[in-house]
1. Return the residue satisfying two criteria in turn: it lies in the range 267-278 and is surrounded by fewer than 18 Cβ atoms within 10 Å (Cβ to Cβ) and without any contact (Cβ under 8 Å) to a residue 40 or more places away in the chain, and of such residues it is nearest to the chain's Cα centre (by Cα).
2. Tally the residues that are hydrophobic (A, V, I, L, M, F, W, C) and exposed (fewer than 10 other Cβ atoms within 10 Å of the Cβ), restricting the search to the range 341-385.
3. Pairs please, first residue from the range 369-385 and of a type in the set (D, E, K, R), second anywhere and part of a strand (DSSP E or B) and surrounded by 20 or more Cβ atoms within 10 Å (Cβ to Cβ), Cβ atoms under 6 Å, 6+ apart in sequence or on different chains.
4. Among the residues of the range 270-290, which ones are aliphatic (A, V, I, L, M) and either modelled with pLDDT under 95 or under 12 Å from LEU303 (Cα atoms) (or both)?
5. ALA324: within 22 Å of VAL155 (Cβ to Cβ), assigned to a loop (DSSP other than H, G, I, E, B), aliphatic (A, V, I, L, M) and in contact (Cβ under 8 Å) with a residue 24 or more places away in the chain, yes or no?
6. For the range 162-200, give me the residue count where each residue is in a loop (DSSP other than H, G, I, E, B) and out of contact with any strand residue (DSSP E or B) (no Cβ under 6 Å at 6 or more places or on another chain).
7. Just need a number here: residues in the range 334-385 that are of a type in the set (Lys, Arg) and within 21 Å of LEU261 (Cα to Cα).
8. Kindly indicate the residue of the range 203-245 that is within 23 Å of SER274 (Cβ to Cβ) and among the β-branched types (Val, Ile, Thr) and also surrounded by the fewest Cβ atoms within 10 Å (Cβ to Cβ) among those meeting that condition.
Amino acid sequence: MTIVKNPERAKRAIAQTLRFTCHKRLSPTSWALAFSPKRSWGSAPLHPRLYASTRCAGLETPARITCSDLPESLCHNRLRQKLFTSLETYSLLVVILLVMIPSLKSGMTWSLFSLLPKRVTRRRAIIYTLLLSIPVLSCQTTSVANLKTPGKDPVPIYGYEVVHVWPHDPGAYTQGLVFNEGKLLESTGQVGHSSLRRVEIESGKVLQKLDVNAPYFAEGITLLKGKIYQLTWQHQVGFIYDAWTFQKLGEFHYQGEGWGLANDGQSLILSDGSNRIRFLDPANFEVRKTIAVVDGRSPVNELNELEYVQGEIYANIWHADRIARIDPRTGAVVGWIELTGLLAGGEVSDEEAVLNGIAYDETNGRLFVTGKLWPKLFEIRLRRK
């Protein structure tokens, strides 16, 4: 047995020889599978027939080679037959076994093999077996053809039913909304007008308010373990408050812009206007993981205000009258909530008065939505279309 000192050169030489001289379009990988006992290149011993071809290819004595220079077993029909039996045969046998294994218990498969002629080539045996497996396929209750291809089912669409309508401050540029103890915590934006508020749902009255001074543009908020976390848009800093007194407890920092904020009880969940959602450790604000939100294969960009609802992330899409329901493990959109027509035409005039703000009453299963500069807050119930 001989060791090839330059295996990469050997592979290239063999491939070139067989392509242009023997007209066999084979890759070095095919050679490795067909003729290398250990299925490996490098310093592993090679099959004698393979070494004969590397020597002819000029590794030891440079010379132009033809098929006549190679052993007969390495060219033309014999080579093709070897590769057929070593690759195609085994691939087809795997498929046949996967299809026919469920019928082995009943003995149908063994009875089919008994129909084959006693003296038959392996290639013909495969063809006969495939033909004889057709009735077996038709008898299977869970055939390969009946398996669903993942990702092909359409994403469900949900409409809405309005349960209640309540007044909302038409001057509030809503950036974040959280249900807490029968009231709403609300973050409003715009430089010089940003604030943190506690709002009475039934009247829309602001019960408590803390201004967020310039130059900050306040964004999303979330409530976790007695603390309110509030983002700012472009300053890469967030604020931490006591949930009852609104006393400022500290700050935290993050990279990029801050848009929406929610939590799953363990991590802060942050959107930045792209299709990325980051999960931050609330102890040190390091990124635990990042998911990319996609609908099928299409990225869903401009994710805005967030809310964690029964194991899913609900996300407003900037300047769109719909909410994405997102699997927090994979980033896949598992549903769309269409809210077109929720606010009647003419009730707002500002082009930035868009849907933004989701709050969820976990105890009673109530879902609230509103928008920037909207005069109304809605409690809605979802209906699948």
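The values are calculated or read from the model by the stated rules, or taken from the named source; none is laboratory data. For clarity, every value in this text was computed on a predicted model and none was experimentally measured. Counting neighbours? That spans all protein chains shown, and the Cβs are built from the backbone with ideal geometry, glycine included.
1. Taking the candidates together, the pick is ARG276.
2. Our first condition is that a residue be hydrophobic (A, V, I, L, M, F, W, C); within the range 341-385, this holds for 342-344, 348, 353-355, 358-359, 367-369, 373-374, 377-378, 380, 382.
Then drop every residue that is not exposed (fewer than 10 other Cβ atoms within 10 Å of the Cβ), which leaves 344.
Here the count works out to 1.
3. LYS372/THR174; LYS372/ASN356; GLU379/PHE368
4. LEU270, ILE277
5. No; evaluated as a whole, the condition is false for this residue.
6. Within the range 162-200, the subset in a loop (DSSP other than H, G, I, E, B) is 168-173, 181-182, 189-194.
This time we only want the ones that are out of contact with any strand residue (DSSP E or B) (no Cβ under 6 Å at 6 or more places or on another chain), so: 169-171, 181-182, 190-193.
Adding up the residues that qualify gives 9.
7. Total satisfying the criteria: 2.
8. This residue is VAL237.
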